[in-house]
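The values are calculated or read from the model by the stated rules, or taken from the named source; none is laboratory data. These numbers were taken from a predicted model, which means no experiment stands behind them. For neighbour counting, all protein chains shown are included, and Cβ atoms are generated from backbone atoms with ideal geometry for every residue, glycine included. What goes into the accessible areas is simple: the full protein's heavy atoms, side chains included, and nothing from ligands, DNA or RNA. Shrake-Rupley method; radii C 1.70, N 1.55, O 1.52, S 1.80 Å.
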Amino acid sequence: MSTQEHADKSGFETRAIHAGYEPDPMTGAVIPPIYATSTYKQDGVGGMRGGYEYSRSGNPTRTALEGVIAALEQGERGFAFASGLAAEDTLLRAVCRPGDHVVIPDDAYGGTYRLFDKVAKVWGLDHSPAAVSDVDAVRAAIVPGKTKVVWVETPTNPLLNIGDIEALASVAHDAGALLVVDNTFASPYLQQPITLGADVVVHSTTKYCGGHSDVVGGALVVRDLEIADQVAFHQNSMGAVPGPFDAFLTHRGLKTLGVRMDRHCDNAEKVVEFLTGHAKVAQVIYPGLEEHPGHAVASKQMKRYGGIVSFRVAGGEQQALDVCAKAEVFTLGESLGGVESLIEHPGRMTHASVAGTDLEVPADLVRLSVGIETADDLIADLDRALG
Ligand SMILES: Cc1ncc(COP(=O)(O)O)c(C=O)c1O
């Protein structure tokens, strides 16, 4: 059995390290080389080596990344993109047409909402928001004959609401629609939506998949070859692909996803314990808490509850901004899922684009991306910042 065939039948961490790539036949390189080339010599017209002709259409460093992400999500095929939003845009054009309709989360990531509301809508793709945690609300938001996609984030960004993927898949399929799950927050280590009935998984690989805040990227994993063909056609036609250096970095990040996620979860649990009951904290939002309304569903479909913790600061917006300003080990910044801890104010930062809409987030909300530093240092920092 080859290394890759072995990986295909193996556990998550083995797949993360071996799937998608055989050591280079010429040199034995155990890590996929960075194929910094735009084109490939053909052995006579049309005589392509390994199917490579031009790097927008395919590049071996990207192929390796696409293979491993598909293996981790247990899908039929994976596709890498220049960003999460490029992946989303390509998917929408592959599976929707003008006049179609999409149900989106009523607390979708701000950039996703902007893509639907300010870009896709102009091209004739309508959308309705619904709470992913409420299966009946999602069913009610479907427009019979027009809804082509039910789009779900779980956990959502930044309110960490939980959607029941199995139940939502059957709602979408009953309506003849696809279930698309943005799995950025959970990562494939904690949740594999295709095994629960989803048709397509979306990632901002910028986050946990890359894991080191050093590369922007996106991915799609599809369960079905017919959708794969559509996505492959659009990936090449639209061209929003990552370069080989970016593909290399994301692939390198994926190899350690399992160990990183366990440490993210360990640290997040300790942070949650510290924040719970703190006099300056009005509410802690974390799906691992029994009082979280999505706790039972999260326990059913996630291995653990993730590294993102949101909380509302007693006193209001200014107090929330003060906490963000005073934190030191938690770096004030957008994004999430890297090894370093980050703190942000969603209302003014990541979710500023939904201000004044139905998707507006509370002004006293702070979001933490809990990193993999020493937990005691993170807690001491929050203690100081909450003052
Ligand atoms: C849940 C989620 N989906 C998609 C995106 C978009 O990804 P990118 O920033 O890589 O384009 C983000 C970015 O923050 C996100 O948090």
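Structure notes:
- When the range 50-83 is limited to residues that are open to solvent by 30 Å² or more (accessible area, probe 1.4 Å) and under 20 Å from Asp199 (Cβ atoms), the one that is farthest from the ligand (Cβ to nearest atom) turns out to be Glu76.
- The range 100-119, residues that are under 19 Å from His351 (Cβ atoms) and either open to solvent by less than 10 Å² (accessible area, probe 1.4 Å) or touching a strand residue (DSSP E or B) at 6+ places or on another chain (Cβ under 9 Å) (or both): Ile104, Pro105, Asp106, Asp107, Ala108, Tyr109, Gly110, Gly111, Thr112, Tyr113, Phe116, Asp117
- Restricting the range 207-227 to residues that are part of a loop (DSSP other than H, G, I, E, B) and out of contact with any helix residue (DSSP H, G or I) (no Cβ under 7 Å at 6 or more places or on another chain), the residue that is least open to solvent (accessible area, probe 1.4 Å): Lys207
- Verdict on Ser10 being assigned by TED's automatic domain parsing to the domain that holds Leu225, more than 28 Å from Gly145 (Cβ to Cβ) and in contact with a Ser or Thr (Cβ under 6 Å, 6 or more places away or on another chain): no
- The set of residues in the range 191-206 being open to solvent by 10 Å² or more (accessible area, probe 1.4 Å) and either within 13 Å of the ligand (Cβ to nearest atom) or of a type outside the set (A, V, I, L, M) (or both) consists of Gln192, Thr195, Gly197, Asp199, Ser204, Thr206.
- Helices (runs of 4 or more DSSP H) fully within the range 281-387 that include at least 1 residues being open to solvent by less than 30 Å² (accessible area, probe 1.4 Å) and under 16 Å from Val271 (Cβ atoms): 317-326, 375-386.
- Any hit, the range 313-324, residues being closer than 19 Å to Ser204 by Cα, without any contact (Cβ under 8 Å) to a residue 60 or more places away in the chain and either outside the structural domain of Ile104 (by TED's automatic domain parsing) or of a type in the set (Gly, Ala, Ser) (or both): no
- Only a single criterion out of (1) in contact (Cβ under 8 Å) with a residue 12 or more places away in the chain; (2) over 16 Å from Leu72 (Cβ atoms); (3) open to solvent by 40 Å² or more (accessible area, probe 1.4 Å) is not satisfied by Asp262, namely (2).
- Some residue of the range 228-239 being under 14 Å from Ala82 (Cα atoms), within 13 Å of the ligand (Cβ to nearest atom) and either assigned to a loop (DSSP other than H, G, I, E, B) or not basic (Lys, Arg) (or both): no
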